[in-house]
1. Which one is most open to solvent (accessible area, probe 1.4 Å) among residues in the stretch 22-46 that are closer than 23 Å to Leu96 by Cβ and more than 16 Å from the ligand (Cβ to nearest atom)?
2. Anything in the stretch 263-297 that is more than 19 Å from Leu326 (Cα to Cα) and either part of a strand (DSSP E or B) or within 16 Å of the ligand (Cβ to nearest atom) (or both)? List them, or say none.
3. Working only within the stretch 160-175, note down all residues that are away from the ligand (no atom under 16 Å from the Cβ) and open to solvent by 10 Å² or more (accessible area, probe 1.4 Å).
4. Can you tell me which residue is surrounded by the fewest Cβ atoms within 10 Å (Cβ to Cβ) among those in the stretch 205-242 that are among the polar types (S, T, N, Q) and part of a strand (DSSP E or B)?
5. What number goes with the only condition from (1) over 19 Å from Leu326 (Cβ atoms); (2) part of a loop (DSSP other than H, G, I, E, B); (3) open to solvent by 10 Å² or more (accessible area, probe 1.4 Å) that Pro495 does not pass?
6. Say we look at the stretch 120-141 and pick out the residues that are assigned to a loop (DSSP other than H, G, I, E, B) and aromatic (Phe, Trp, Tyr); which of these is surrounded by the fewest Cβ atoms within 10 Å (Cβ to Cβ)?
7. Just the residues that are part of a loop (DSSP other than H, G, I, E, B) and more than 16 Å from the ligand (Cβ to nearest atom), please, taken from the stretch 186-203.
8. For the stretch 439-455, which positions are open to solvent by less than 20 Å² (accessible area, probe 1.4 Å), assigned to a strand (DSSP E or B) and not hydroxyl-bearing (Ser, Thr, Tyr)?
Amino acid sequence: NSMLSWQRTSFHFQPEKNWMNDPNGPMFYKGWYHFFYQYNPNAAVWGDIVWGHAVSKDLIHWLHLPLAMVADQWYDQNGVWTGSATILPNGKIVMLYTGSTVEAVQVQNLAYPADHSDPLLVHWVKYPGNPVLVPPPGTYKKDFRDPTTAWLTSEGKWRITIGSKINKTGIALIYDTKDFINYEKLDGVLHAVPGTGMWECVDFFPVSKTEENGLDTSVNGPGVKHVVKVSLDDDRHDYYAIGTYHEKNGTWIPDQPEIDVGIGIRYDYGIYYAAKTFYDQNKNRRVLWGWIGESDSEAADMKKGWASVQSIPRTILFDKKTGTHLLQWPVEEIESLRLKSNEFNQVSLLPGSVVPLDVGPATQLDILAEFEIDKELLKKATGSNITFSCSASGGAAERGALGPFGLLVLADESLSEQTPVYFYITKGSDGNLKTSFCNDQSRSSAASDVNKQIYGSFLPVLKGENLSLRVLVDHSIIESFAQGGRTVITSRLYPTKAIYEAAKVFLFNNATNASVTASLKIWQMNSAFIRPYPNK
Ligand code: FRU
């Protein structure tokens, strides 16, 4: 066990042991951030799912609380599955969650705090009349799950959406309710996309087109766009799209059908799933949580006794510049963990160079970097019609005229283990530049039972923008944000040598024909306090 303990993270949310998956019911209540999660109290693999619970003052330091809900009723005996919280105007909370019944039918259940005056919301009561919703005719009994936070219609009713599918078409069913007990199913669906399969953990929320703050889930009107996010059971990724919500018939239309939800843009191009946002009325922002699983073997997970972490919560904003993307950024509270920093200004990276960055041990870092490429060389480069893709075009060892260049993280001195986080620019035969953003895990570990995929995606870079990068490194996880969070990649990494004091960070430029200048600020990061419940 202790051999693998270095893989435990230091400032990402994790239970003390065993399996965790989706974030559930996040909210801010009476001074505390509440976080619930899918949890197996018995093993480091999925199964026996109940709701874990923790609270925090700042989304960084946590106190574990007793399990909020266990599988003790016929309507959730096979699992207390994913759900969402709604804070009513009178301050009361309702929790809707999916139960897998004795017969493994998926139904929706209602729960509420036993004592609203308890800011820690330790005890939960399940509504005695559960379930409140059963799979409607025409859907599958095992594909009707994960109710959203409710939002208000202008008639004053509450509205929710729940993911399902019909044949291979992913759908978001829509219901109105006045009391969270009786529901009226709307004709039609919020949205449907053929070929995308079961939609898990649907999320639906407004974003402001003009303001740099988040919006309560019920906000609607001019200046507002609506986001639909789905987690595709078939390909295990979270996709979102931006569009327009039509309250009257309860439908949502994507701005651009060719990048509709499920076929277009992902929250994260690495390992990241079942994400859920909440409106944080404390700081007037929308915050995104996402489940980051392991990418080693199940045997390794059982050996180390735990599996999964949660992402650092990310604030979410509409990207005014592209109009198609969201911007995700680690919540500002993470900066309270910053310790000593090092700055590197205008480091010049000639083609083929690797430059060590002396920052001390490099297992807990917050890195801000900006890259500038010689403009003359960019102009002179010849275009071609070769299309580049991170995953299909070979990793960071594959040299092109204008890429790859970036950082090597969790690398050992000899670079026998390293994970390049990098940009790769290509010029089309039309003369246009295209940038990709990638994480290359192929040399991340000497171990063989770990995922070594090359992750990444096309990255929109607008006129006049330098390439910018933020990377959070935390032992076995890196979260990397390009262009202010326009494109994000999370990787789980299991180096065997680049650990503890031996972990280092480097700059590299493996382009054959681009001179790059890099400026960076790198902080050592403190560990977060994630404390067990005292009475245990
Ligand atoms: C997504 C998911 C949800 C379900 C829960 C069960 O990861 O499959 O659809 O409610 O996990 O743990």
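The values are calculated or read from the model by the stated rules, or taken from the named source; none is laboratory data. Fair warning: this is a prediction, and the values are worked out from it, not measured in the lab. Here the Cβ positions follow ideal geometry from the backbone for every residue, glycine too, while neighbour counts run over all protein chains shown. In case anyone asks, the SASA skips ligands and DNA or RNA and just uses the protein heavy atoms, side chains included. Shrake-Rupley method; radii C 1.70, N 1.55, O 1.52, S 1.80 Å.
1. The first filter runs over the stretch 22-46 and keeps only residues closer than 23 Å to Leu96 by Cβ, leaving 22-30, 32-41, 46.
Among the residues that remain, those that are also more than 16 Å from the ligand (Cβ to nearest atom) are: 27-30, 32-34.
On the way: Met27: 5, Phe28: 27, Tyr29: 17, Lys30: 116, Trp32: 58, Tyr33: 1, His34: 3 Å².
Going through the qualifying residues, I end up with Lys30.
2. Within the stretch 263-297, Ile292, Gly293, Glu294, Ser295 meet the criteria.
3. So in the stretch 160-175, the residues away from the ligand (no atom under 16 Å from the Cβ) come out as 166-169, 174-175.
Within the stretch 160-175, Ile166, Asn167, Lys168, Thr169 qualify.
4. The first filter runs over the stretch 205-242 and keeps only residues among the polar types (S, T, N, Q), leaving 208, 210, 213, 217-218, 220, 231.
Add one more test, that the residue is part of a strand (DSSP E or B), and what stays is 208, 231.
Details: Ser208: 17, Ser231: 29.
Among those residues, the one meeting the criterion is Ser208.
5. Looking at each condition in turn, Pro495 falls short on (3).
6. From the stretch 120-141, those assigned to a loop (DSSP other than H, G, I, E, B) are 120-123, 127-132, 134-141; that's our starting set.
In the following step, the residues that additionally are aromatic (Phe, Trp, Tyr) were identified as 127, 140.
Numbers: Tyr127: 16, Tyr140: 14.
Across the stretch 120-141, the extreme among qualifying residues is Tyr140.
7. First, the residues of the stretch 186-203 that are part of a loop (DSSP other than H, G, I, E, B): 186-190, 194-198.
Across the stretch 186-203, the qualifying residues are Leu186, Asp187, Gly188, Val189, Leu190, Pro194, Gly195.
8. Within the stretch 439-455, Asn439, Asp440 qualify.
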